[in-house]
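Here the structure comes first, spelled out in structure tokens, and everything after it is commentary.
No lab work stands behind these numbers, since they all come straight from the coordinates. These figures come from a predicted structure and were not determined experimentally. All Cβ positions, glycine included, derive from the backbone under ideal geometry; neighbour counts span all protein chains shown.
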Amino acid sequence: MTGSAPLTTTDTTRRPREEPDEHLAVEHHLLSVRLAQAERLGDLGWAEWNLQTGETIWSDRVYAIFGRDPGEGPIRLADLASHVETGDRAGLDRLLRSVVHRAEPGETEFRIRRRGEIRNLRAALDPVAAGGRTAVHGVIQDVTGHRRAEHGITEARRRLGELLGRATRERRQSEALCEALLPGPASPSGLPGARIETRYHPAGAEDGLGGDWHDAVPLPDGRILLAVGDVSGHGLPAAAEMTVLRHALAALAMTGEPVGRLLSWLNHLVTHRMAEATATAVAGHLDPATGVFTWSQAGHPAPVLVRDGTAVQLAPPDGVLLGATLTEPYASAEIRLREDDLLLLFTDGLVERRDRDIDDGVALLLEVAAGLSGLRGAGLAAGLDRLVEAVGGPNPEDDVCVLAFAPAG
């Protein structure tokens, strides 16, 4: 036989031994790499303290966690507490006594100062007793990131609680202010012969205030003043001017003068006291005894009458915008209301939208309002909500105000 060399005794005995040794070395290396990766990802390392010989072994990661130079060697178990922040030493001492003297495993958290920075560590210690050898094995983990995250969440919750509390207080103040500036309709006993529902939606105002307003005021002679108005602008400035006009009209109405004259007086007030403002309004006197509603308007959409399943907009008497001129008088018109009639007073924010002409909005209002015929009580309240939504809902660009009046019968 040629072409190959015979195997020697040395070859046959060496290879079976070397191949397993190389395999074990590779496996040992891979295990070390995986362990190092796990320690790095978990920011943890292992330590062992031999209670008989005093020998201490740390993994590389523990040195990094403590910020300690491996050249200094590991910290002995008896000296560990001296490297811990004073306030946390008692907890670590209790754990060490439990592990060393009672052979009970346990864990604790403590703080250390690493290069001037406070770090939060967790230590899980276990007693080891085997083959006459006693030791303490420990896993040390840096949990600073976890604690900071928890603190951040706690702080965020605290701040959120403060913001919610502040928002609740501000909402209550806003509601109280709204009620003071624009209260709901008077009680039935305060408005004999009348059933009234109102809806008010300021234009995107967070404080719930705007320039539109409504009012229903019982007068000394038994009549009822019904009114809606619209001051130019939005938010608190418009609300302040709205309040002046609303209260001025209610006070002037106590004179018993015709509504045309009341609007003329309001016009003088706007012209002389609100030089930068304009306003519109509809105001009318209702006589519950006769059902006659006498009304005037100042550049404002006319009311809608709902009768026998049909809705029509009343023909407006002459009247100009408040603040426009002092020379034009305010005319009046009247209509006798029947028992099942419904009268709707509203501001232009209900029917006028950026993408819709006001005439189209009024046509839609008349179509929807016809369905309110004969409604009273809870039915009228629900119907008025449906009407506002069907015509376009709250207007983000203009206030919406509606006053629905029905004779008591």
Exercise. Between Thr53 and Arg122, take the C-beta separation as r, use R0 = 45 Å, and let me know the FRET efficiency to the nearest 0.05.
Key: 0.95
Exercise. Report the FRET efficiency, 1/(1 + (r/R0)^6), for Ile153 and Arg97, where r is their Cβ-Cβ distance and R0 is 41 Å, rounded to 0.05.
Key: 0.75
Quiz item: So, in Å, what gap is there between the alpha-carbon centers of the stretch 97-120 and the stretch 133-164?
Solution: 15 Å
Exercise. Specify which residue in the list Leu286, Gly374, Phe405 is farthest towards the positive end of the charge dipole of the stretch 183-407, using unit charges on the beta carbon of Lys, Arg (+1) and Asp, Glu (-1), about the Cα centre.
Key: Leu286
Practice problem: Towards the positive end of the charge dipole of the stretch 213-359, with charges on Cβ (+1 Lys, Arg; -1 Asp, Glu), say which of Thr243, Leu322, Phe346 has the farthest Cα. | Solution: Thr243
Practice problem: List Met254, Met274, Met242 from most exposed to least, where exposure is judged by having the fewest other Cβ atoms within 10 Å. | Solution: Met254, Met274, Met242
Quiz item: In debye, nearest 20: dipole of the stretch 183-407 around its Cα centre with unit charges on the Cβ of K, R (+) and D, E (-)?
Solution: 600 debye
Quiz prompt | Phi to ³J(HN,Hα) by Karplus 6.51 cos²θ - 1.76 cosθ + 1.60 over the stretch 283-291, Hz, x for Gly, Pro | solution = 9, x, 9, 9, 9, x, 5, 10, x
Quiz item: So what's the net charge close to Asn50: Lys and Arg +1, Asp and Glu -1, counting the other residues with Cβ under 11 Å from its Cβ?
Solution: 0
Exercise. Give, in nm to one decimal, the length gained when the segment between Arg376 and Leu163 is fully stretched (0.36 nm per residue of separation minus the Cα-Cα distance).
Key: 72.5 nm
Quiz item: Net charge near Ala277, counting Lys/Arg +1 and Asp/Glu -1 over other residues with Cβ under 14 Å of its Cβ?
Solution: -2
Quiz prompt | Local electrostatic count, Leu365, Cβ distance below 14 Å [Lys/Arg +1, Asp/Glu -1] | solution = -3
Quiz item: Under unit Cβ charges (Lys, Arg +1; Asp, Glu -1), what dipole magnitude, rounded to 20 debye, does the stretch 41-142 have relative to its Cα centre?
Solution: 180 debye
